[in-house]
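S.K.: The following block contains the structure, expressed as structure tokens.
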Amino acid sequence: MHQHNPDLRQLDRDFNSHFNSLFVNKYSFTCDAEDAFDLHGADGVSKGFITYMTAWLSNIDRLMSMLIGSNAAFDTSEYDLIDLGGGKSVSSIYLSHMYEFNSTTSVDIHPQLLEDGKKNLDAYRKIEGSNLHIDFLCQDIQEYILKQGKYIFFAFNPFEWQVFERFIMNNLRVLKSSESILLYANDRCINQLLNFSTLLSRDDYYNLSVIRF
């Protein structure tokens with residue numbers, strides 16, 4: 001059983017927060033945390049939807065390094081990236097800015113978070129003059145059915161296990177047939193996920209897992 005590490009050093013927390021601020025401030029992104037009850041109400045929280053926070057972007061780099069370290073020939077450009085619980089989509093933008101994917105989609109159940117994500121993408125484009133493209137999908141992932149394809153998913157602890165499990169069970173055939181990849185930050189549900197997947201790499205200190213279905 002993998003254990004969640006709650007005891008990161010303050011120095012590391014400060015570094016990762018500063019790393020975020022460099023990217024966020026460059027583009028004046030909206031990325032404030034949003035309380036779960038304000039977003040989803042008591043009923044939504046009881047069903048497994050939680051507080052929105054922006055992921056530590058340095059953890060994305062760590063996860064990508066872990067993925068490449070597990071297979072040096074791995075080509076991310078062959079995969080469609082889906083940011084599960086992408087919210088204001090800072091993580092989606094960072095992933096697309098730093099790495100190459102076939103396509104990028106930010107998925108979230110809350111429409112206002114995705115509207116903020118679209119504004120953040122516009123702010124990015126104004127500075128970069130880039131045609132970087134992200135699809136925004138307002139969707140309860142418990143009802144999200146994947147088309148056949150090769151996927152890399154990024155998830156920063158976006159919901160409780162009962163929500164994650166429904167998504168996986170609905171799409172397990174597609175996930176396994178393509179050997180899709182999950183980059184999982186703050187991996188509180190890693191032990192449950194490993195009933196359906198193979199662990200390629202884990203960072204026990206930062207609570208990061210790379211799994212293959």
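S.K.: Contact list please: Cβ distance under 9 Å, first residue in the stretch 47-73 and over 23 Å from SER21 (Cα atoms), second residue among the hydroxyl-bearing types (Ser, Thr, Tyr), pairs at least six apart or on different chains.
M.R.: MET66/SER201; MET66/SER209; LEU67/THR76; LEU67/SER201; ILE68/THR76; GLY69/SER201; SER70/SER201
S.K.: Taking GLU78 as meeting all but one of (1) surrounded by fewer than 19 Cβ atoms within 10 Å (Cβ to Cβ); (2) farther than 26 Å from LEU199 by Cα, write down the number of the exception.
M.R.: Just one mismatch for GLU78, condition (2).
S.K.: Check the stretch 162-182 and report whether any residue there is touching an Asp or Glu at 6+ places or on another chain (Cβ under 7 Å) and touching a residue at least 60 places away in the same chain (Cβ under 8 Å).
M.R.: No: the stretch 162-182 contains no residue that is touching an Asp or Glu at 6+ places or on another chain (Cβ under 7 Å) and touching a residue at least 60 places away in the same chain (Cβ under 8 Å).
S.K.: Oh, and also: Output yes when any residue across the stretch 81-99 is surrounded by fewer than 17 Cβ atoms within 10 Å (Cβ to Cβ), under 17 Å from ARG125 (Cβ atoms) and either of a type outside the set (Gly, Ala, Ser) or in contact with a Cys (Cβ under 9 Å, 6 or more places away or on another chain) (or both), and no when none is.
M.R.: Yes; the residues of the stretch 81-99 include at least one that is surrounded by fewer than 17 Cβ atoms within 10 Å (Cβ to Cβ), under 17 Å from ARG125 (Cβ atoms) and either of a type outside the set (Gly, Ala, Ser) or in contact with a Cys (Cβ under 9 Å, 6 or more places away or on another chain) (or both).
S.K.: Among the residues of the stretch 31-69, how many are at pLDDT 90 or above and either of a type in the set (Val, Ile, Thr) or part of a helix (DSSP H, G or I) (or both)?
M.R.: 14
S.K.: Is it the case, given these coordinates, that ASP7 is over 19 Å from the mean Cα position of the chain (by Cα), of a type outside the set (A, V, I, L, M) and closer than 19 Å to ARG202 by Cα?
M.R.: When the stated conditions are applied, ASP7 passes them.
S.K.: Criterion first (within 20 Å of GLY69 (Cβ to Cβ) and either in contact with an Asp or Glu (Cβ under 6 Å, 6 or more places away or on another chain) or among the charged types (D, E, K, R) (or both)) does ARG212 satisfy it?
M.R.: The answer is yes for ARG212.
S.K.: Out of the residues in the stretch 64-80 that are under 19 Å from the mean Cα position of the chain (by Cα) and among the small types (Gly, Ala, Ser), which is farthest from SER96 (Cα to Cα)?
M.R.: Once the filter is applied, the top-ranked residue is SER65.
S.K.: Right, next: Please go through the stretch 102-159 and give me each residue that is small (Gly, Ala, Ser), modelled with pLDDT of 95 or more and over 28 Å from ARG212 (Cβ atoms), ordered by number.
M.R.: Of everything in the stretch 102-159, just one residue is small (Gly, Ala, Ser), modelled with pLDDT of 95 or more and over 28 Å from ARG212 (Cβ atoms), namely ALA123.
S.K.: Could you tell me whether the stretch 77-89 includes any residue that is touching a helix residue (DSSP H, G or I) at 6+ places or on another chain (Cβ under 9 Å) and acidic (Asp, Glu)?
M.R.: Yes, that holds for at least one residue.
S.K.: Another one. Which residues, counting only those in the stretch 1-30, are assigned to a helix (DSSP H, G or I) and in contact with a strand residue (DSSP E or B) (Cβ under 8 Å, 6 or more places away or on another chain)?
M.R.: none
S.K.: Could I ask something else about it? For LEU67, state whether it is closer than 23 Å to ASP203 by Cβ and either of a type outside the set (Lys, Arg) or surrounded by 15 or more Cβ atoms within 10 Å (Cβ to Cβ) (or both).
M.R.: Judged against the criteria, LEU67 is a match.
S.K.: Please specify each residue of the stretch 85-110 satisfying the condition of being part of a helix (DSSP H, G or I), closer than 24 Å to HIS40 by Cα and not β-branched (Val, Ile, Thr).
M.R.: SER91, SER92
S.K.: Of everything in the stretch 51-61 that's surrounded by fewer than 19 Cβ atoms within 10 Å (Cβ to Cβ) and of a type outside the set (Asp, Glu), which residue is nearest to ASN102 (Cα to Cα)?
M.R.: SER58
The values are calculated or read from the model by the stated rules, or taken from the named source; none is laboratory data. Model, not experiment: these values are computed from the prediction. Because the Cβ atoms are built from the backbone with ideal geometry, glycine has one as well, and the counts that use them run over all protein chains shown.
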